[in-house]
Every structure is written in structure tokens, then in C-alpha cells.
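S.K.: Let me begin by handing over the structure; questions about it come next.
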Amino acid sequence: MTPLSVAFIIDETFVMPLCVALRSLLVHVAPNCDVVKVFVIEMNLPTASKDLILRVAETSTTKCPCQVEFIPCSETSPFIAKMKLPLLLPSHLSVVIYLDADILIRADLNVLWELTKDTSCLAAVMDVGKAKPNYFNAGMMVLNLTYMREQACVEEMISKFMIAGPNFEGFPLKEQDIFNQVMGTNWQKLSFYWNAQGLGSYANFRVGENLLFTPKELQDLEENAYIAHFTGYSGCSLIQFNPHCPEPVKPWSGMIMNPSTTAPNPYVFEWFQVLYSIPEYRY
Ligand SMILES: [Mn+2]
């Protein structure tokens, strides 16, 4: 069987979140798995950052080895690199789990791998913000790279981007909108546990009759998500002080001084626990 293969795309600003995502991934893999392959598509990462990522990979698992492969990428934006994944990753690789770095993994990704290894095109989770049945969130996608190469999906996405221009005119959610337009309904829908978005924020507006969650379902997602995804902005804005709808922010954005009491997202504290378990980030 092909080993569990995962891909991230980062530049220097996402090294710290990547370390947390990677460590959380590795501490949850089952002891019986042969190897975890992690591809890091990187934009100009300094050697020190690569060394740190390698150390995190080495020290986070005693259960199963992790091979990290850095793939240098000259694209100017991670959004473009995401659309080009099938071409950037090694051509022998047929399926990959793409993950944003703004996540916390809380389950064995081999389960997701098993669940989606026969996906004909792409497997993903509905976007909680959009809440349209056929529209997925592009922060976690299992990509059938062979299919995407054969169907020239990359070329189709890039040509849409070329027409839209560098500001993604007509695609407010950038590469995610383009992915959705090109894939259409041709994707396998996974449960919200595999990409829990907007918790403590806009997910609260999706609770109710004919909406995405019952109160019980949302509560369960707030306690037992397999992948928590910190959607939202890295920066700060005044809207974050609105108590009626706290804006989703990244755990590391600096707004959250005391994660145990003030963070609206239930997984922020756990994110910091993983961060501080990495010696280089212990304060
Ligand atoms: Mn994200």
C-alpha cells in the first residue's frame, strides 16, 4: 500500500504553525504504519527553518518514521502553488492529503487515508462559511493527483487565474473558488470532523433547523474534531472585539493573550500545548 502522504505549502511566516501541524500529525499516527511522507512545498525557506522542521519531524514520533521532503517553489503566492500541486509534487505520487498549516491534527490521518484512497477526483469537507452543499473548503483536500494530471485540472485552474489576474478578480475566496469551479460536484464529501472550521465564530450561525448542525453536533465538533482548522485572518482588526461574533483568528496572531479563557476557538489551548512541547518554542 502507498504510504500516508501529506503536503503542506509554506513560506517563512508559516514555519511555526507548520511545526505545530506536523507535530500534532505525527503524535497521532498509529504505531503499525510504515512511514509518513511529508512534502513541504517551500518558498524561500532559510536553512535554519528547514532544520527546525526536520527536528520536529524526528522528535515527534517514536511510532513510525517520518520522511520530510522539501520542494522549492518559485511561485510568488501559496495560492498559486496550491493550484499547481499535482505538477509540483513528484510525478510518481498518485494521491496526497493537502493540508493548510493553520490546523491542529487530533486523529490518525491513516484513517482519512483509508477512507479516501479510492477517491476518483478529490475528497474534502463542505465550507462552513459558505454553507453551500456543493462547495468545499480547500484547507484540507485529498487530491487524486493522477486524475488531476490526466484531466489537466491545473491548466484549467491556472487559465482561470490568468484571466482573473493577481488579485483573483471575480474569485473572492481566491484559489478555493477556482478549485470549486473546476471540480464542480465531482468531489467526495467528508464529515466536518476532518476539517472543523469557524468554531467559536461563524460556525455558531450554522446551528438550527435546515442548517449545518444541531446544537449537539456543534458541541461534539467543538470537543472531538479530527482536524481543527483555524480559518480567519493572521492579522488583527477591530471586529475581533465584537462579542456577538468574534472574528476567527489564528492562535498565533497575538490577540489571544490567555488562550484558556479568552480564545473563542475551543482548540486554541491545545494548539499552544503542542507549540510549547517543541523545545525551540518553549518560553
Ligand atoms: Mn486555512
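The values are calculated or read from the model by the stated rules, or taken from the named source; none is laboratory data. Fair warning: this is a prediction, and the values are worked out from it, not measured in the lab. Quick reminder, even Gly has a Cβ in these numbers, built from the backbone with ideal geometry, and neighbours come from all protein chains shown.
S.K.: Any residue at all in region 51-72 that is at positive phi and among the polar types (S, T, N, Q)?
M.R.: no
S.K.: Now, a different point. Has region 110-126 got at least one residue that is in a loop (DSSP other than H, G, I, E, B), under 23 Å from Val249 (Cα atoms) and either at pLDDT 95 or above or away from the ligand (no atom under 16 Å from the Cβ) (or both)?
M.R.: Among the residues of region 110-126, not one is in a loop (DSSP other than H, G, I, E, B), under 23 Å from Val249 (Cα atoms) and either at pLDDT 95 or above or away from the ligand (no atom under 16 Å from the Cβ) (or both), which makes the answer no.
S.K.: Something else about it: Tally up the residues in region 81-122 that are β-branched (Val, Ile, Thr) and surrounded by fewer than 19 Cβ atoms within 10 Å (Cβ to Cβ), please.
M.R.: Counting residues in region 81-122 that are β-branched (Val, Ile, Thr) and surrounded by fewer than 19 Cβ atoms within 10 Å (Cβ to Cβ) gives 2.
S.K.: Of everything in region 181-203 that's surrounded by 18 or more Cβ atoms within 10 Å (Cβ to Cβ) and either among the hydroxyl-bearing types (Ser, Thr, Tyr) or part of a helix (DSSP H, G or I) (or both), which residue is nearest to the chain's Cα centre (by Cα)?
M.R.: Checked region 181-203; the qualifying residue nearest to the chain's Cα centre (by Cα) is Trp194.
S.K.: Also, I was wondering about something else. Suppose we filter region 115-167 for residues that are hydrophobic (A, V, I, L, M, F, W, C) and within 16 Å of the chain's Cα centre (by Cα); how many remain?
M.R.: 12
Conditions (1) in contact with a helix residue (DSSP H, G or I) (Cβ under 7 Å, 6 or more places away or on another chain); (2) outside any helix (DSSP H, G or I); (3) under 19 Å from Tyr276 (Cα atoms), marked per residue:
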site: Ser5; (1), (2), (3): no, yes, no
site: Ile10; (1), (2), (3): yes, yes, no
site: Phe14; (1), (2), (3): no, no, yes
site: Pro17; (1), (2), (3): yes, no, yes
site: Leu22; (1), (2), (3): yes, no, yes
site: Asp34; (1), (2), (3): no, yes, no
site: Lys37; (1), (2), (3): no, yes, no
site: Ile41; (1), (2), (3): yes, yes, no
site: Asp51; (1), (2), (3): no, no, yes
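S.K.: Val96 - would you say it is in contact with a Leu (Cβ under 9 Å, 6 or more places away or on another chain), within 14 Å of the ligand (Cβ to nearest atom) and in a strand (DSSP E or B)?
M.R.: no
S.K.: Residue by residue through region 10-45, note down the ones that are over 23 Å from Asn110 (Cα atoms) and among the hydroxyl-bearing types (Ser, Thr, Tyr).
M.R.: Correct list: Thr13 only.
S.K.: Of Val20, Val29, Val38, which residue is surrounded by 20 or more Cβ atoms within 10 Å (Cβ to Cβ) and in contact with a Lys or Arg (Cβ under 9 Å, 6 or more places away or on another chain)?
M.R.: Of Val20, Val29, Val38, the one residue that is surrounded by 20 or more Cβ atoms within 10 Å (Cβ to Cβ) and in contact with a Lys or Arg (Cβ under 9 Å, 6 or more places away or on another chain) is Val29.
S.K.: Sticking with this one: So for region 220-228 (the condition being away from the ligand (no atom under 16 Å from the Cβ), among the polar types (S, T, N, Q), touching a Phe, Trp or Tyr at 6+ places or on another chain (Cβ under 9 Å) and under 29 Å from Phe14 (Cβ atoms)), does at least one residue qualify?
M.R.: Yes, the conditions are met somewhere in region 220-228.
S.K.: Look at Lys63 and say whether it is under 21 Å from Tyr226 (Cα atoms), surrounded by fewer than 20 Cβ atoms within 10 Å (Cβ to Cβ), under 18 Å from the mean Cα position of the chain (by Cα) and not small (Gly, Ala, Ser).
M.R.: Against the criterion (under 21 Å from Tyr226 (Cα atoms), surrounded by fewer than 20 Cβ atoms within 10 Å (Cβ to Cβ), under 18 Å from the mean Cα position of the chain (by Cα) and not small (Gly, Ala, Ser)), Lys63 does not qualify.
S.K.: I need every pair where a residue in region 44-65 that is closer than 10 Å to Leu22 by Cβ and modelled with pLDDT of 95 or more has its Cβ under 7 Å from the Cβ of a residue that is in a loop (DSSP other than H, G, I, E, B) and of a type in the set (A, V, I, L, M, F, W, C), sequence separation at least 6 or different chains.
M.R.: As it stands, the answer is Val56/Ile278, since those pairs meet every condition given.
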